[in-house]
Amino acid sequence: MPGWKKPSENSVLGKPTPRLDGPDKATGRAKYAYDINLPGLLHGMILRSPHAHAEIESIDASAAEKMPGVKAVIITAKAGDRMRFQGQEIGAVAAETIERAEDAIRAIKVRYKVLPHVVHESVAMKPGAPVVRNNDQTNLSEPNRTERGNVTAGFAAAKTISEGSYGCEVRTHLPLETHGVTCRWDGPDKLTCWASTQGVFSVRDELANALGIQPASNVTVITEVMGGGFGSKFGAGYEGVICARLAKAANAPVKLMLTRYEEQLAVGNERSGHMKIRIGADAEGKITAMEATIHGSGGIAGAGVPFPYIYPVENVKVEQRSVYMHTGPSRAWRAPGHTVASFLMECALEDLAIKAGIDPLELRLKNDPTPMRQKQWREGARLIGWERRNPRPGQGPLAGNGRYRRGLGCGAAIWGGGGGPGSQCRVTINRDGTVLVEIGVQDIGTGTRTYCGMIAAEELGIPLKSVRASIGKTYLGYGVPSGGSVTTASTAPAVKRAAEAAKKSLLEQVAPQMGVSPDDLECAGGKVFSRTDPAKSVSFKEACARLGMEGAVGNGTWARELQQSGVAGAQFAEVSVDIETGHVKVLKIVALQDGGVILNPLTFKSQINGGVIMGIGMALFEDRHMCQITGRMVNPNMEFYQIPGTMEMPEFVSVPFENPDATGVTGIGEPPVIPTAAAIRNAVLNATGAYVNTAPITPARVLQALADARRRG
Amino acid sequence: MSEEKNDRLESSNGDVSRRQFLKGLGGGIAVTGVLATATETETEAHPAPEPASASAVQRLRGKVRVRLNINGQEMTALVEPRTTLLNTLRDHLDLTGAKKVCDRGSCGCCTVLVNDKPVYSCMMLAVDAQGKKITTVEGLGTPEKMSPVQEAFVEHDALMCGFCTPGFVVSCTALLQKNRNPSLEDVKKACSGNVCRCGTYPHIFEAALAAAKKMRGA
Ligand code: FES
Ligand code: FES
């Protein structure tokens with residue numbers, strides 16, 4: 001079976017191509033789950049525990065049920081139930097307007113016995129702290145150990161040993177479209193659900209299972225477009241199931257989208273990670289040993305990060321524990337655990353290099369065995385002007401000695417991004433010359449719909465505008481959930497194989513009429529022609545007109561040889577630090593990212609930018625603040641949970657890094673988010689000599705680290 | 001209210017048209033949201049004369065019928081005095097281009113033009129929007145006939161998931177209406193009240209500057 005063509009032979013693939021759904025998105029016509037309006041639509045809302053830890057004594061919803069405009073009330077918790085985090089679900093209502101639903105939620109009377117809580121790691125780890133999980137003795141999980149080699153011998157062989165503590169706080173996903181669905185029953189056991197999800201089929205199966213609908217195909221899930229997920233939107237969730245139940249109880253369609261407040265509390269976050277480490281290197285800068293203990297929290301869920309990260313270390317002893325607290329459960333993330341691991345590892349490496357008196361880039365080159373990244377390190381250093389970097393932290397011409405100090409830093413990315421089986425695609429060539437690509441997979445915002453169309457256009461030698469791509473519906477062929485950057489490598493091969501099959505059917509049907517054998521025919525440049533006798537040529541449209549009633553249809557499934565796994569990536573940051581206020585400004589980010597065969601360089605670049613910007617958020621702003629006194633989140637909103645805005649944008653040099661040996665496609669939604677925060681932290685250190693060891697790098701932390709640096713002299 | 005029956009119209013396929021929804025609410029473009037029950041009071045809300053004198057202040061209760069000038073059309077909706085312009089657009093008039101993201105003035109995704117100025121529609125009551133000229137993202141262009149800003153957004157891939165996009169399109173449009181030759185810094189400032197979680201900012205800047213250039217005919 002044919003592979004991907006060389007970039008030089010392509011006429012559609014590999015060319016920067018605007019999204020097919022761009023016009024709908026830019027004009028407000030695109031309909032997200034949040035935008036579905038149906039005749040008689042009701043609005044749902046969920047009642048949640050305001051307490052981090054409490055026992056429900058009684059629930060009285062009778063007043064809510066009687067309120068005008070309230071059409072359904074379902075209470076799922078009962079007296080005696082334990083609430084283990086602020087935002088845990090108790091019940092839900094559906095009313096004629098969202099305002100009335102809010103009134104009804106307020107009218108439900110719940111009495112709680114408030115219990116002692118722990119919402120900070122340090123408090124949860126104290127002996128005698130209130131225990132979060134019923135059968136545990138403490139809030140610390142059993143250790144998860146990684147041990148290999150001989151750490152004692154490794155440290156004995158080290159010339160320099162660096163010790164430090166590093167950490168990252170909990171962050172929230174903050175997709176702009178909150179979690180939620182619009183549900184309509186089309187019969188007693190037939191449900192249509194418009195979902196904001198990164199997995200239409202996983203939502204379908206969860207709904208069918210929870211609602212007892214058989215077969216699952218009686219549930220149709222539709223996600224034409226969705227407003228971001230970042231790892232938090234795989235399932236139907238409480239909100240999906242209760243919305244369907246409300247719709248049934250009210251005998252009317254219901255929309256239930258979470259408020260921002262609920263979104264921040266209850267539907268996912270990224271685990272924290274705090275580490276104590278000893279790490280040693282020999283005279284050459286080669287790492288000889290590391291010993292680390294790490295703890296982190298995913299609230300009532302577990303934590304853990306891949307460590308050691310990226311750089312192979314022979315002699316290792318790592319011990320990790322989860323700390324359980326009365327906060328909402330963590331979920332997958334854009335590169336779950338990896339951004340934390342990267343920050344911990346790259347900070348430790350940086351400080352080791354400084355202590356050893358080695359250029360931190362040199363130390364990375366010494367310890368990084370990946371040939372692709374070796375190239376990226378060198379190219380990135382050239383693009384950022386690494387030679388300008390301050391030779392010693394805080395000291396050099398780049399830093400200067402004014403109020404604003406400049407510095408450079410770097411960090412590495414890694415990812416799999418390969419695909420897996422399951423995808424079922426159908427390509428239909430119609431008699432009017434139009435082409436339809438159908439596959440159920442959703443587009444999380446990376447451009448799935450667009451490359452599905454591009455692949456068919458390339459294969460059939462026609463312009464993209466002749467192709468329609470229908471995706472995001474469970475009544476189409478199976479598509480994988482968008483997680484682990486697997487979507488493209490799972491989907492694109494199936495689309496290509498389906499397009500090839502449709503083309504084969506087209507050529508077989510028209511060959512006799514053209515008096516040639518199908519093998520001799522080719523589709524390119526909007527024509528179907530004979531390779532051996534170019535005089536025998538018809539337009540693609542004309543060829544289609546000669547098709548039978550059913551047109552030409554091809555099916556395709558995943559093909560391993562059309563995808564590959566394993567990408568590198570490197571990033572460099574230049575920052576300016578105001579040493580009077582502690583304010584950090586990122587001036588420039590150079591991000592190099594390879595990604596197998598690149599289908600659409602335009603959306604590829606968008607993904608690099610997007611990863612970097614989320615990384616800037618992690619580096620400088622994002623922190624879920626919990627109040628240990630009240631047990632509540634201090635910033636369950638967007639004014640105090642801050643993400644980067646336009647004014648924080650640096651100059652971007654985002655480089656889709658060609659991999660000349662690539663034969664398969666690879667997903668890259670995740671790797672570009674990984675190294676940004678560490679590169680920025682290391683640049684702040686290079687600029688000022690301040691060791692800010694916890695992200696986010698807030699002005700307060702910078703000022704503290706500057707004071708510490710001054711004290712050390 | 002005979003329209004009440006229409007509220008329960010079943011549609012047989014997965015696609016729901018705006019017309020179908022509005023029909024459910026009770027009519028064509030002069031739209032009436034008929035979710036009120038017959039027992040509730042209905043007040044006619046009038047645009048407040050400006051400046052409003054104390055005696056001109058009108059107390060509103062129950063449901064109010066608001067008349068709004070949106071995208072050059074007169075529309076009416078039956079809402080509550082507390083209903084925001086954003087909820088009115090989205091839930092009563094099926095103009096869902098403006099997005100509800102924070103619902104408290106900190107994200108910009110609900111931005112519309114009110115008398116040509118960008119306004120967070122979640123922070124304005126529908127009753128206060130009467131007598132003003134409201135333009136939503138839908139009023140700027142259609143997929144078939146996009147505005148220069150919309151076209152540039154598509155061309156430069158200034159959108160990923162697209163949920164923040166209408167807000168940015170409106171903010172950039174407002175900027176270009178008063179500044180034909182903006183600098184990068186001007187664009188950043190004009191959009192500083194909008195956020196994007198997917199991280200499209202660099203492409204938004206490119207798009208806004210390209211649209212400005214195109215509109216100048218350069
Ligand atoms: S929804 Fe209006 S500013 Fe966020
Ligand atoms: S494109 Fe997704 S939030 Fe901006």
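Yes or no: segment A:233-250 includes at least one residue that is within 13 Å of another protein chain (Cβ to nearest Cβ), over 30 Å from the mean Cα position of the chain (by Cα) and surrounded by fewer than 24 Cβ atoms within 10 Å (Cβ to Cβ).
Scanning segment A:233-250, I find at least one residue that is within 13 Å of another protein chain (Cβ to nearest Cβ), over 30 Å from the mean Cα position of the chain (by Cα) and surrounded by fewer than 24 Cβ atoms within 10 Å (Cβ to Cβ), so the answer is yes.
State whether the residues of segment A:535-548 include one that is surrounded by fewer than 16 Cβ atoms within 10 Å (Cβ to Cβ), at pLDDT 95 or above, under 30 Å from A:ASP661 (Cα atoms) and basic (Lys, Arg).
No.
Identify the single condition in (1) crowded, with 20+ Cβ neighbours inside 10 Å; (2) assigned to a loop (DSSP other than H, G, I, E, B) that A:ASP136 does not satisfy, given that it satisfies every other one.
(1)
Could you count how many residues in segment B:188-218 are more than 21 Å from the chain's Cα centre (by Cα), among the hydrophobic types (A, V, I, L, M, F, W, C) and not in a loop (DSSP other than H, G, I, E, B)?
Here the count works out to 7.
Consider only pairs whose beta carbons are under 7 Å apart and that are at least six residues apart or on different chains; among these, list those whose first residue lies in segment B:193-210 and is without any contact (Cβ under 8 Å) to a residue 60 or more places away in the chain and more than 8 Å from chain A (Cβ to nearest Cβ) and whose second residue is surrounded by 24 or more Cβ atoms within 10 Å (Cβ to Cβ) and of a type outside the set (A, V, I, L, M).
Correct list of pairs: B:GLU206/B:HIS156; B:ALA207/B:PHE153; B:ALA207/B:HIS156; B:ALA208/B:CYS172; B:ALA210/B:HIS156.
Wholly within segment A:445-533, which strands (runs of 3 or more DSSP E) include no fewer than the required count, namely at least 3 residues that are among the hydrophobic types (A, V, I, L, M, F, W, C)?
A:521-524
Keeping to segment A:460-496, report how many residues are charged (D, E, K, R) and surrounded by 24 or more Cβ atoms within 10 Å (Cβ to Cβ).
Matching residues across segment A:460-496 total 1.
Yes or no: segment A:165-177 includes at least one residue that is surrounded by fewer than 24 Cβ atoms within 10 Å (Cβ to Cβ), more than 16 Å from ligand 2 (Cβ to nearest atom) and farther than 30 Å from A:ALA695 by Cβ.
no
Results for (1) closer than 18 Å to A:ILE616 by Cβ; (2) within 16 Å of ligand 2 (Cβ to nearest atom); (3) of a type outside the set (A, V, I, L, M, F, W, C); (4) at pLDDT 95 or above, shown as yes or no for each residue.
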{"residue": "B:CYS172", "(1), (2), (3), (4)": "no, yes, no, yes"}
{"residue": "B:ASN179", "(1), (2), (3), (4)": "no, no, yes, yes"}
{"residue": "B:PRO182", "(1), (2), (3), (4)": "no, no, yes, yes"}
{"residue": "B:VAL187", "(1), (2), (3), (4)": "no, yes, no, yes"}
{"residue": "B:GLY193", "(1), (2), (3), (4)": "no, yes, yes, yes"}
{"residue": "B:CYS196", "(1), (2), (3), (4)": "yes, yes, no, yes"}
{"residue": "B:ILE204", "(1), (2), (3), (4)": "yes, yes, no, yes"}
{"residue": "B:LYS213", "(1), (2), (3), (4)": "no, no, yes, yes"}
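Within segment A:153-192, how many residues are in contact (Cβ under 8 Å) with a residue 60 or more places away in the chain, more than 31 Å from the chain's Cα centre (by Cα) and either within 11 Å of another protein chain (Cβ to nearest Cβ) or not in a loop (DSSP other than H, G, I, E, B) (or both)?
Residues meeting the conditions: 8.
Consider segment A:399-430. How many of its residues are surrounded by fewer than 18 Cβ atoms within 10 Å (Cβ to Cβ) and under 20 Å from A:ILE616 (Cβ atoms)?
1
Can you name the residue in segment A:624-648 that is more than 16 Å from ligand 1 (Cβ to nearest atom) and aliphatic (A, V, I, L, M) and, of all such residues, is nearest to the other protein chains (Cβ to nearest Cβ)?
The qualifying residue nearest to the other protein chains (Cβ to nearest Cβ) is A:MET647.
Take the residues of segment B:142-177 that are among the small types (Gly, Ala, Ser) and more than 25 Å from A:MET614 (Cα to Cα): which is nearest to the other protein chains (Cβ to nearest Cβ)?
B:SER147
Taking segment B:177-195 on its own, how many of its residues are crowded, with 24+ Cβ neighbours inside 10 Å and more than 16 Å from ligand 1 (Cβ to nearest atom)?
The qualifying residues number 1.
Please specify each residue of segment B:69-111 satisfying the condition of being in contact (Cβ under 8 Å) with a residue 60 or more places away in the chain, more than 16 Å from ligand 2 (Cβ to nearest atom), in contact with a Gly (Cβ under 9 Å, 6 or more places away or on another chain) and not in a helix (DSSP H, G or I).
B:ASN69, B:ILE70, B:ASN71, B:GLY72, B:LEU93
Could you say which residue among A:ALA54, A:ALA26 is among the hydrophobic types (A, V, I, L, M, F, W, C) and touching a residue at least 40 places away in the same chain (Cβ under 8 Å)?
Matching residue, one of A:ALA54, A:ALA26: A:ALA54.
Right, A:PRO215: without any contact (Cβ under 8 Å) to a residue 24 or more places away in the chain and either within 16 Å of ligand 2 (Cβ to nearest atom) or closer than 18 Å to A:ALA249 by Cα (or both) or not?
no
For segment A:255-279, give me each residue that is within 13 Å of another protein chain (Cβ to nearest Cβ) and of a type in the set (Val, Ile, Thr).
A:THR259 - this is the single residue of segment A:255-279 that is within 13 Å of another protein chain (Cβ to nearest Cβ) and of a type in the set (Val, Ile, Thr).
Quick check: anything in segment B:149-165 within 16 Å of ligand 1 (Cβ to nearest atom) and farther than 23 Å from A:VAL225 by Cα?
No, segment B:149-165 contains no residue that is within 16 Å of ligand 1 (Cβ to nearest atom) and farther than 23 Å from A:VAL225 by Cα.
The values are calculated or read from the model by the stated rules, or taken from the named source; none is laboratory data. All values reported here derive from a predicted model rather than from experimental measurement. Don't worry about glycine lacking a Cβ; one is built from the backbone with ideal geometry, like all the others, and counts go over all protein chains shown.
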